[in-house]
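Beneath this line is the structure, given in structure tokens, with notes to follow.
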Amino acid sequence: MPRVKPKTRPAASGVMTSADLAARQYESYGIFGKYKTLLGDPEVGCALLLHGQPGHGKSSLAIDLSHYFAAYHGPVLYCSSEQYDSKSLQDNLHRAGGAVRGLDFSKKLPTDRELANYDFLAIDSVAHLGLTLAQFTTLRERHPSLCIILIQQVTKTGAYRGTTGWAHDVDVQIEVKEGVATTVKNRYGRISSIRLFDWGDVQAELDSDEPATKKKKRR
């Protein structure tokens, strides 16, 4: 049967042809190293969600990733209402490599005017800073080239603290458990894992710092 010649027609409003899509140029960050393994090569303006139980390494990953972005891809604002100006935040920064130009910290969410100075925004944590899903959507609409890194706590059963809608609205979702970061959703690469630190060493360090009376009670 002879092939029917397709009709020539104008594209409807809000419709992209396959030719347009094939020719479109999308800007990516050019990520390399261990984060290329974990993330692939996300496009500019992507959204990442890091989640896990308390103490498993979410903030360690978030600060290390922010340190990497600041060093190689653009200025980062790290918002942390819980750990701002604390030794724990300082320890995480030292583990990531120490001070780096372009990485700033804040106790509160920035204004639109303040965000004009940054290419990346880390929010640690979503619940503690009171960011709603609607506010997140508005933030992405107002700053389409801003990469947003969300840190979200989960319960022991793996449920999010708050709405579950966050996972659907991000491009990359990463679970952090016992010092290992694993992508569970990734629009830019395959599912993969990287080790952040040795979980056994962390537990041994916690035991060594714990008062003897508490150790006896725990046993």
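Just so it is clear, none of the values below were taken in a lab; they were calculated from the coordinates. In this text the structure is predicted, and so the values were computed from the model without any measurement. Cβ placement follows ideal geometry from the backbone for every residue including glycine, while neighbour counts extend to all protein chains displayed.
Most tightly packed first, judged by the mean number of other beta-carbon atoms within 10 Å of their residues, the peptides 174-184, 21-31 read 174-184, 21-31.
Stretched out straight at 0.36 nm per residue, the stretch from ALA134 to HIS94 would grow longer than its current Cα-Cα span by 11.0 nm.
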